[in-house]
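For reference, the structure is listed below as structure tokens.
Read the figures in this text as sums done on the coordinates, not as results from a lab. On a predicted model such as this, the values are computed, not experimentally measured, just so you know. Here Cβ is always computed from backbone atoms with ideal geometry, including for glycine, and neighbour counts include all displayed protein chains.
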Number of protein chains: 2
Amino acid sequence: MKQINIKALAQELNLSVSTISKALRDSYEISEETKHRVLEMAAKLNYTPNPYASSLRGKKSKNIAIVIPEVADSFFSQAINGIESVAKGKGYHVLICLTHENFENEQAILKEFQSGRVDGVLMSVSSETASGGHIQELIAKEVPVVFFDRALGEVPATRIVTDDFQSGYKATMHLIGQGCRNIAFLGVSSKLSISNDRMAGYRKAMEEKGLPFREIYCSSSPEENYTLIKEMLQQPDRPCGVLASVEKLATLVYQVCSDLQLNMPADVKLVCFSNLGIAAMLYPSLTTVTQPAFEMGKAAAAALLKLLEKKNTDPAGLNMVIPSELILRGSSL
Amino acid sequence: MKQINIKALAQELNLSVSTISKALRDSYEISEETKHRVLEMAAKLNYTPNPYASSLRGKKSKNIAIVIPEVADSFFSQAINGIESVAKGKGYHVLICLTHENFENEQAILKEFQSGRVDGVLMSVSSETASGGHIQELIAKEVPVVFFDRALGEVPATRIVTDDFQSGYKATMHLIGQGCRNIAFLGVSSKLSISNDRMAGYRKAMEEKGLPFREIYCSSSPEENYTLIKEMLQQPDRPCGVLASVEKLATLVYQVCSDLQLNMPADVKLVCFSNLGIAAMLYPSLTTVTQPAFEMGKAAAAALLKLLEKKNTDPAGLNMVIPSELILRGSSL
DNA sequence: CATTTTCACGAAACCGTATTCGTAAATAAA
DNA sequence: TTTATTTACGAATACGGTTTCGTGAAAATG
């Protein structure tokens, strides 16, 4: 890289390096005229400041990280857009880091962040994440963390979530209202907040109606999950209603039903937590609990930036619960 | 951040800063015993090197960027995974930057990269991108660029693409074979390589059969596109076959057909370039030209890393065309 | 007119790491 | 034993900005 730097600008203008730096940062110490000359020359020479130099000196990187399990999920891809929209407005760059639902990956990523690579972190924990030591360590190094969607109970950080419990309850009640008595809940992991909260809502509804629980934990392997769901739907007392806690599992239910020649919604009714835009075009169209993904992303980013601006803010004070919406479609009617 | 740095390690071990640095980088100048002691102490004190200092000094950031229009697209989200899998293996970090199909955004992002923030760039140009000055400028600063999927003809950079022309031809031939004579092509932009190549394939097929072209350029606004498609399908001579060049447009066709009470595939047959995992579960299931997204990502990343390792490689020599697959499903049968 | 204040700028230190160069001690070669 | 070489390390400088501190000149104040 043939990089134009401040020194080059200084020479060109017969000014000192410090004057250039101050002019570029709009310091009051520099006259308007000089500032103007500097800006003009910078534009002319196509000067771009070296972010590493300034981060090194300034101890601020103007980078924030999004740590999520994957991007191939409608919730996350929408949330990313929300986050980006506010980060960009405040001059922050966004790093997207993928854990692939793997705890070791998540640990390694956060460990890296201890170096000061990012000023703050937005995260949705992996389904394998059971303890928060790695997160606590990061917070101890004064890198603020904000959870969105998937939070970890033990860690005292800001959390922007949706009303998982109520949504789980409402969705289950809907299935019961449709005549289902045997309803299965497909969870992701016994460690995962969203899975547990949604399941708690499911349980409450089932309890109120005196119906038995039927809970299945899926893994992060689609093949295993396919088998799991297939076995479930092959049993003589197969459930007539299924509440899937994440998008990927719903897709598998469609597949299994097709392979087993089961009819949705006649044989099996399905409701899923999902933000799929094409839910309405599936066959049958998919009843979803649709989360405010974009808004949650915006809120999470806004909270993080607030923490970055004023150190002494109470993280819990920024907590937020944004409600989801149950959208009835063919798969459960 | 209370950061442990090399100086702290040096003090702790009664060694000089330079010795520590060399030991950490496994220099031949340092004895095995000392290296061992240093590594041990580094682990004990939880040392994480400051990436900014190292990038500033070393002129290498170990970062590569992915510049794409959006993440909420199955092709891109899969390609990201492919890229990440090879980058991670070589110790590179991945920055994902979104243009939202906007040329100004793309320009601003690349301009930023002139500062040395990343060592190289993988990109799929926005649909608005008509000229490549901003890309050329970056390459002139010795930041290698590799196109994947959407390339810009005028820029002499490595390109990893799929066989858009043949795929367009095959897809069109399939529709013709199904009895369609009035077939519309839904393009994205007259500037976009993939759109044009796919259209060229369409044209060749139509020409061969003596059928008239019918080409519609969509914008990046879903609302506008909805109207455009609706108008097309409301006309008395509405097409009985549609070839959509990107995923988003196919979704709209489903919507319009539903709103106009048109039956797929009886009234309208649809083929789309898409990597949607749930294409098979749509109603009707969607015939797709499925691209090797993951492989293209891997190939693109591998090419970029090769360019980063040996400066004197000929970019064009790394070009690659990976074929797509036409998967027949209900929407066109 | 003398003194204080403001203005506009420059010199130099600093951020944490990498690398070049120099060197004392240990070892090998003559 | 003398000289040449290797080994293992430290001092110093550089990377490109930012910031603190100092200062001469101009402007304001008394």
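Laid out as a table, the results:
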read-out: A:Glu104 being surrounded by fewer than 18 Cβ atoms within 10 Å (Cβ to Cβ), among the charged types (D, E, K, R), farther than 24 Å from B:Arg117 by Cα and more than 15 Å from the chain's Cα centre (by Cα); value: yes
read-out: Residue, farthest from DNA strand C (Cβ to nearest atom), within segment A:58-81, restricted to residues that are in contact with a Ser or Thr (Cβ under 7 Å, 6 or more places away or on another chain) and of a type in the set (Val, Ile, Thr); value: A:Val71
read-out: Residue selected from segment A:122-144 under the condition touching a residue at least 60 places away in the same chain (Cβ under 8 Å) and of a type in the set (Val, Ile, Thr), by the criterion nearest to A:Leu308 (Cα to Cα); value: A:Val125
read-out: Top-ranked residue of segment A:37-57 - restricted to ones that are part of a helix (DSSP H, G or I) and within 12 Å of DNA strand C (Cβ to nearest atom), ranked as farthest from the other protein chains (Cβ to nearest Cβ); value: A:Arg37
read-out: Members of segment A:123-174 found to be under 29 Å from A:Val271 (Cα atoms) and of a type in the set (Gly, Ala, Ser), listed by number; value: A:Ser124, A:Ser126, A:Ser127, A:Ala130, A:Ala151, A:Gly153, A:Ser167, A:Gly168, A:Ala171
read-out: Some residue of segment A:290-306 being closer than 21 Å to A:His174 by Cα, out of contact with any Pro (no Cβ under 7 Å at 6 or more places or on another chain) and not in a strand (DSSP E or B); value: yes
read-out: Some residue of segment A:67-77 being under 21 Å from B:Ile80 (Cα atoms), hydroxyl-bearing (Ser, Thr, Tyr) and within 8 Å of chain B (Cβ to nearest Cβ); value: yes
read-out: Helices (runs of 4 or more DSSP H) within segment A:183-284 that include 1 or more residues within 14 Å of chain B (Cβ to nearest Cβ), polar (S, T, N, Q) and over 20 Å from A:Val161 (Cα atoms); value: A:222-234, A:247-260
read-out: Any hit, segment A:17-36, residues being at the interface with chain B (Cβ under 9 Å from one of its Cβ atoms) and within 30 Å of A:Val143 (Cα to Cα); value: no
read-out: Segment A:157-171, residues that are touching a strand residue (DSSP E or B) at 6+ places or on another chain (Cβ under 6 Å) and not aliphatic (A, V, I, L, M); value: A:Thr158, A:Arg159, A:Thr162, A:Asp163, A:Ser167, A:Lys170
read-out: From the options B:Lys111, B:Lys60, B:Lys88, residue that is at the interface with another protein chain (Cβ under 8 Å from one of its Cβ atoms), surrounded by fewer than 18 Cβ atoms within 10 Å (Cβ to Cβ) and either part of a helix (DSSP H, G or I) or of a type outside the set (Gly, Ala, Ser) (or both); value: B:Lys111
read-out: When residues of segment B:112-129 are limited to those that are more than 16 Å from DNA strand C (Cβ to nearest atom) and acidic (Asp, Glu), the one farthest from B:Lys141 (Cα to Cα); value: B:Glu128
read-out: Cross-chain or 6+ apart pairs with Cβ under 7 Å, segment B:203-222 first and without any contact (Cβ under 8 Å) to a residue 40 or more places away in the chain, then among the aromatic types (Phe, Trp, Tyr) and not in a loop (DSSP other than H, G, I, E, B); value: B:Lys204/B:Tyr169; B:Ala205/B:Tyr169; B:Arg214/B:Phe185; B:Glu215/B:Phe185
